[in-house]
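Here is the structure we will look at.
The values are calculated or read from the model by the stated rules, or taken from the named source; none is laboratory data. Only a predicted model underlies this, so the values are computations on that prediction, with no experimental measurement involved. When we count neighbours, we look across all protein chains shown, and the Cβ atoms used for this are built from the backbone with ideal geometry, even at glycine. Quick note on the areas: whole protein, heavy atoms, side chains included, nothing else; ligands and nucleic acids left out. Shrake-Rupley method; radii C 1.70, N 1.55, O 1.52, S 1.80 Å.
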Amino acid sequence: LTDDDILSADMVFVTAMIVQKDSFASVVARCNRLHTPVVAGGPYPTSLHETIPGVDHFILGEAEELVPLFLREFSAGACRRIYRSAGRPDITRTPVPRFDLVDMDLYNCVSLQFSRGCPHRCEFCDIVHLFGNIPRTKRPEQFLREMDAAYRTGFTGSLFIVDDNFIGNRRNVKELLRAVIPWQEARGYPFEIITEASLDLAADDELITLMLKAGFSTVFIGLETPVAESLAETGKLLNRKMDILESVKKLQRAGLEVTGGFIIGFDSDPETIFDRQIEFIRELAVPTAMIGLLMALPNTVLYNRLLSEGRIRADSEGNNTHAVRMNFVPRMEENLLYEGYRRVLRTIYTPKTYFRRAYSLITRLPASRAKPVYRSGRPLTRRELRAFGRSLTRQGFSSYGIRYIGFMLKVLITRPGFIPFATLMAIQGEHFFRITREMARPRAAERSLAKEKKMSTIKGASRYGGVRAGTTIRTATE
């Protein structure tokens, strides 16, 4: 983003999730300095607009009805400062994304959305507040037009369906998948699809089959914790009813890689939670395990409960992996909690334990995942060969080179068709090892606390009658 871009515009639209609020503030400050009006929306402003300085107009909620209204009033010279949704818009009227305006060569993944909302009510989740409890979906033909728009740019590769729970409306999802399958077949499967879903996906064989035929390869699932009391506390009753380990194994054996979200810091967590999470993740064979400390997001049931108990001490940064400090007072002694959390990270992301999980996953996946039906017998692509060569030279001679070579040799000997997948796992592992080394250092918590103190030096009055940490006023020079 250049100053010339900002100066040439009538206004700048900016959107963000809470975790992006620092870069959001930076863009707003630049626009303020250049005297260009700012229009802001998205999850972060929708939840915390009263704490955000420098914005001329807020669009709070979903955009389909509000943006056209704002533009009409802007053209008439009668803009309001705040536009707020009165209800949930009909997303069958959502326009097709303008992928033709984007340099798609800069992207490794294209994002589309089919539904909004989730039928579950987990205490820590803000999706119900933002999008409602009744999933709304697009029409299959509408979604195919969006796939066409991405495909016409020449993009192929990963397509991420960003729904918070893709299977929230199963009838409509199955209808969509039956339309996606022939679209993919007719074009030689240009997209490998990933998404997010709830654990009950494992209970629907028809849905699993349709997803695999449509080209789905990976699903992110909130697995959270092996502690039944903590699942009950947070309202994750679905996970408590199902056998989590057997459900994940079923999905893996069908051909879906499961990536997982895990949380530490529930009130019901015992002091053994750290060892239990380590063993839980090992048994699940989930190489990509997103482990975070519990955070209380605004407008969630969790936040309101903790607020009533006087335990909220700051707004969430929206970052439950790199902020080694919780925004509320936990039940467990904090030093024990933070050191245990760092130990979990240090343990599961050592090369030894990571490659062990990756190999366990490869042994569970069916042979068709190495050579899917729609690409049966295809040779390795030039990109795959180049990635393998770079991985071999860089990682093979790294500090964990013996672990890396042992992993690759085991795959080569036992499941040679999975070498491209194993290479991908190894490259991802290098990323995880790096960020974990940075994250797991004891001073990470100290940096987080120092940042919190700095952010709290200039505060606004809270709507609850006190002072609310994190309601910072930023100047353009900052």
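In region 261-291, of all residues being of a type in the set (Val, Ile, Thr) and modelled with pLDDT of 95 or more, the one that is farthest from the chain's Cα centre (by Cα) corresponds to Thr272.
Residues are listed down the side, and each one gets a yes or a no for (1) open to solvent by less than 10 Å² (accessible area, probe 1.4 Å); (2) part of a helix (DSSP H, G or I); (3) in contact with a Gly (Cβ under 6 Å, 6 or more places away or on another chain):
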site	(1), (2), (3)
Asp267	no, no, no
Ile278	no, yes, no
Val286	yes, no, yes
Ile291	yes, no, no
Ala296	yes, no, no
Asn299	no, no, no
Leu302	yes, yes, no
Arg305	no, yes, no
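For Arg136, the conditions (1) within 27 Å of Leu238 (Cα to Cα); (2) within 16 Å of the chain's Cα centre (by Cα); (3) not hydrophobic (A, V, I, L, M, F, W, C) are fulfilled apart from (2). Evaluate the following for Arg386: is it surrounded by 16 or more Cβ atoms within 10 Å (Cβ to Cβ), charged (D, E, K, R), at pLDDT 80 or above and over 30 Å from Gly54 (Cα atoms)? The answer is no for Arg386.
A Cβ distance below 9 Å, combined with a sequence gap of six or more or placement on separate chains, defines the contacts here; from region 426-449, residues that are crowded, with 18+ Cβ neighbours inside 10 Å reach no residue that is at pLDDT below 60 and of a type in the set (Phe, Trp, Tyr). With respect to being without any contact (Cβ under 8 Å) to a residue 12 or more places away in the chain, touching a strand residue (DSSP E or B) at 6+ places or on another chain (Cβ under 8 Å) and not polar (S, T, N, Q), Leu231 fits the description. For region 31-44, the count of residues that are assigned to a helix (DSSP H, G or I), open to solvent by less than 70 Å² (accessible area, probe 1.4 Å) and of a type in the set (D, E, K, R) is zero. Closer than 22 Å to Ile435 by Cβ, surrounded by 15 or more Cβ atoms within 10 Å (Cβ to Cβ) and modelled with pLDDT of 95 or more: does that describe Arg325? For Arg325, the condition - closer than 22 Å to Ile435 by Cβ, surrounded by 15 or more Cβ atoms within 10 Å (Cβ to Cβ) and modelled with pLDDT of 95 or more - is not met.
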